Amino acid sequence: MDKFVPTAEQMEQIGQAAARGVRKGQIVFLSGALGSGKTTWVRGLLRGLDYTGPVKSPTYTLVEPYYLQNFNVYHFDWYRVNDAAELEFLALRDYLDGSGVCLIEWPERGLDLLPQPDCRIKFRFENNSRRLMVACNTDLGEPLCASMR
(Lines give C-alpha, C1' and ligand atoms only; values in the text may rest on other atoms or scores of the structure.)
Protein backbone atom coordinates (compact mmCIF):
# COMPACT_ATOMS: atom_id res chain seq x y z
CA MET A 1 0.00 0.00 0.00
CA ASP A 2 1.19 3.47 -0.85
CA LYS A 3 -0.59 6.52 0.60
CA PHE A 4 -0.01 10.28 0.65
CA VAL A 5 -0.73 11.97 3.97
CA PRO A 6 -0.85 15.79 3.73
CA THR A 7 -1.31 16.66 7.44
CA ALA A 8 -0.40 15.48 10.93
CA GLU A 9 -4.12 15.13 11.68
CA GLN A 10 -4.52 12.75 8.77
CA MET A 11 -1.44 10.78 9.91
CA GLU A 12 -3.03 10.38 13.32
CA GLN A 13 -6.32 9.30 11.68
CA ILE A 14 -4.50 6.61 9.68
CA GLY A 15 -2.90 5.37 12.89
CA GLN A 16 -6.30 5.34 14.53
CA ALA A 17 -7.71 3.29 11.64
CA ALA A 18 -4.76 0.90 11.96
CA ALA A 19 -5.87 0.13 15.52
CA ARG A 20 -8.72 -1.99 14.10
CA GLY A 21 -6.09 -4.40 12.79
CA VAL A 22 -3.86 -4.61 15.86
CA ARG A 23 -3.34 -8.14 17.14
CA LYS A 24 -1.43 -9.33 20.17
CA GLY A 25 2.06 -10.46 19.16
CA GLN A 26 2.51 -8.11 16.19
CA ILE A 27 5.90 -6.57 15.51
CA VAL A 28 5.79 -3.43 13.37
CA PHE A 29 8.85 -1.66 11.98
CA LEU A 30 8.49 2.12 11.55
CA SER A 31 11.21 3.61 9.35
CA GLY A 32 11.76 7.17 8.23
CA ALA A 33 13.56 10.41 8.86
CA LEU A 34 13.14 12.50 11.99
CA GLY A 35 9.82 14.30 11.89
CA SER A 36 8.32 12.09 9.19
CA GLY A 37 5.27 11.12 11.27
CA LYS A 38 6.18 7.90 13.06
CA THR A 39 5.23 9.00 16.57
CA THR A 40 2.15 10.81 15.26
CA TRP A 41 1.01 7.54 13.67
CA VAL A 42 1.66 5.70 16.97
CA ARG A 43 -0.37 8.33 18.84
CA GLY A 44 -3.27 7.71 16.48
CA LEU A 45 -2.99 3.96 16.89
CA LEU A 46 -3.06 4.28 20.67
CA ARG A 47 -6.07 6.61 20.51
CA GLY A 48 -7.78 4.00 18.35
CA LEU A 49 -7.11 1.48 21.12
CA ASP A 50 -8.82 3.84 23.63
CA TYR A 51 -5.62 4.98 25.31
CA THR A 52 -6.26 8.53 26.60
CA GLY A 53 -2.98 9.43 28.31
CA PRO A 54 0.00 11.29 26.87
CA VAL A 55 1.92 9.72 24.00
CA LYS A 56 5.50 10.84 23.71
CA SER A 57 8.46 9.84 21.63
CA PRO A 58 10.71 7.38 23.49
CA THR A 59 13.85 8.88 21.94
CA TYR A 60 15.56 9.20 25.33
CA THR A 61 13.92 6.34 27.23
CA LEU A 62 14.23 3.91 24.25
CA VAL A 63 10.86 2.33 25.09
CA GLU A 64 7.50 3.65 26.28
CA PRO A 65 5.07 0.99 27.51
CA TYR A 66 1.32 1.50 27.24
CA TYR A 67 -0.74 -0.79 29.43
CA LEU A 68 -4.07 -1.51 27.81
CA GLN A 69 -6.94 -3.74 28.86
CA ASN A 70 -6.22 -6.75 26.63
CA PHE A 71 -2.49 -6.38 25.92
CA ASN A 72 0.39 -3.96 26.20
CA VAL A 73 1.85 -1.83 23.42
CA TYR A 74 5.58 -1.14 23.50
CA HIS A 75 6.79 1.84 21.48
CA PHE A 76 10.52 1.73 20.85
CA ASP A 77 12.68 4.49 19.38
CA TRP A 78 16.24 3.46 18.66
CA TYR A 79 17.44 6.67 17.02
CA ARG A 80 20.06 7.18 19.73
CA VAL A 81 21.31 3.57 19.71
CA ASN A 82 24.85 3.31 18.36
CA ASP A 83 25.39 -0.41 18.81
CA ALA A 84 22.77 -3.17 18.79
CA ALA A 85 24.45 -4.65 21.89
CA GLU A 86 22.98 -1.72 23.85
CA LEU A 87 19.53 -3.21 23.28
CA GLU A 88 20.40 -6.28 25.33
CA PHE A 89 20.10 -4.08 28.43
CA LEU A 90 16.44 -3.48 27.57
CA ALA A 91 15.55 -7.17 28.04
CA LEU A 92 14.42 -7.04 24.42
CA ARG A 93 13.58 -10.75 24.29
CA ASP A 94 10.97 -10.24 27.00
CA TYR A 95 9.17 -7.61 24.92
CA LEU A 96 9.19 -9.88 21.87
CA ASP A 97 7.52 -12.81 23.65
CA GLY A 98 4.23 -12.43 21.75
CA SER A 99 2.14 -11.12 24.64
CA GLY A 100 2.13 -7.49 23.49
CA VAL A 101 2.51 -5.36 20.38
CA CYS A 102 5.95 -3.94 19.52
CA LEU A 103 6.18 -0.76 17.45
CA ILE A 104 9.83 -0.14 16.61
CA GLU A 105 11.16 3.14 15.24
CA TRP A 106 14.65 2.95 13.69
CA PRO A 107 14.62 -0.89 13.60
CA GLU A 108 17.72 -0.93 11.40
CA ARG A 109 19.72 -0.12 14.56
CA GLY A 110 18.91 -3.56 15.97
CA LEU A 111 18.14 -5.82 13.02
CA ASP A 112 20.48 -8.57 14.21
CA LEU A 113 18.37 -8.97 17.36
CA LEU A 114 14.92 -8.79 15.78
CA PRO A 115 12.68 -11.35 14.12
CA GLN A 116 11.01 -10.56 10.81
CA PRO A 117 8.33 -7.92 11.36
CA ASP A 118 4.68 -8.62 10.70
CA CYS A 119 4.37 -5.21 9.05
CA ARG A 120 6.82 -2.58 7.77
CA ILE A 121 5.78 1.02 7.47
CA LYS A 122 8.08 3.51 5.76
CA PHE A 123 7.46 7.23 6.28
CA ARG A 124 8.88 9.67 3.73
CA PHE A 125 8.74 13.39 3.09
CA GLU A 126 7.41 14.04 -0.39
CA ASN A 127 6.09 17.23 -2.03
CA ASN A 128 5.37 19.09 1.24
CA SER A 129 3.54 16.01 2.45
CA ARG A 130 4.27 12.59 3.87
CA ARG A 131 4.12 9.29 2.06
CA LEU A 132 3.39 5.99 3.79
CA MET A 133 4.53 2.75 2.24
CA VAL A 134 3.08 -0.25 4.03
CA ALA A 135 4.08 -3.87 3.49
CA CYS A 136 2.88 -6.94 5.33
CA ASN A 137 5.16 -9.90 5.83
CA THR A 138 2.97 -12.32 7.78
CA ASP A 139 -0.64 -13.40 8.19
CA LEU A 140 -0.56 -11.83 11.66
CA GLY A 141 0.32 -8.47 10.12
CA GLU A 142 -2.32 -8.53 7.39
CA PRO A 143 -5.22 -7.13 9.50
CA LEU A 144 -3.07 -4.13 10.47
CA CYS A 145 -2.16 -3.42 6.86
CA ALA A 146 -5.72 -3.95 5.65
CA SER A 147 -7.12 -1.51 8.21
CA MET A 148 -5.08 1.35 6.70
CA ARG A 149 -6.23 0.86 3.10
Q) Are there any pairs with C-beta distances below 7 angstrom linking a residue in segment 66-88 that is farther than 23 Å from GLU108 by Cβ to a residue that is among the aliphatic types (A, V, I, L, M) and not in a strand (DSSP E or B), with the two at least 6 apart or on different chains, and if so which? A) TYR66/LEU46; LEU68/LEU49
Q. Can you name every residue in segment 1-25 that is within 13 Å of MET148 (Cβ to Cβ) and part of a loop (DSSP other than H, G, I, E, B)?
A. MET1, VAL22
**Q.** Criterion (surrounded by 14 or more Cβ atoms within 10 Å (Cβ to Cβ), in a loop (DSSP other than H, G, I, E, B) and under 14 Å from the mean Cα position of the chain (by Cα)) met by exactly one of TYR66, TYR79, TYR74
**A.** TYR79
Q | Odd one out for LEU46, checked against (1) closer than 23 Å to LEU92 by Cα; (2) modelled with pLDDT of 95 or more; (3) part of a loop (DSSP other than H, G, I, E, B) | A | (3)
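Kindly indicate the residue of segment 89-116 that is in contact with a helix residue (DSSP H, G or I) (Cβ under 7 Å, 6 or more places away or on another chain) and in contact (Cβ under 8 Å) with a residue 60 or more places away in the chain and also farthest from TYR60 (Cα to Cα) among those meeting that condition.
Initial filter on segment 89-116 (in contact with a helix residue (DSSP H, G or I) (Cβ under 7 Å, 6 or more places away or on another chain)): 92, 102-103, 105, 109-110, 112-114.
Those left that are additionally in contact (Cβ under 8 Å) with a residue 60 or more places away in the chain: 102-103, 105, 114.
Values: CYS102: 17, LEU103: 16, GLU105: 13, LEU114: 20 Å.
Checked segment 89-116; the qualifying residue farthest from TYR60 (Cα to Cα) is LEU114.
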Q: Return the residue satisfying two criteria in turn: it lies in segment 115-146 and is surrounded by fewer than 19 Cβ atoms within 10 Å (Cβ to Cβ) and of a type in the set (Gly, Ala, Ser), and of such residues it is nearest to ARG20 (Cα to Cα).
A: ALA146
(Q) Of everything in segment 105-149, what is over 16 Å from VAL5 (Cα atoms) and of a type in the set (Val, Ile, Thr)? Give them in sequence order. (A) THR138
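The values are calculated or read from the model by the stated rules, or taken from the named source; none is laboratory data. Remember, predicted model here, so these are calculated numbers, not experimental data. Note that each Cβ is placed from the backbone with ideal geometry, even for glycine, and that neighbours are counted across all protein chains shown.
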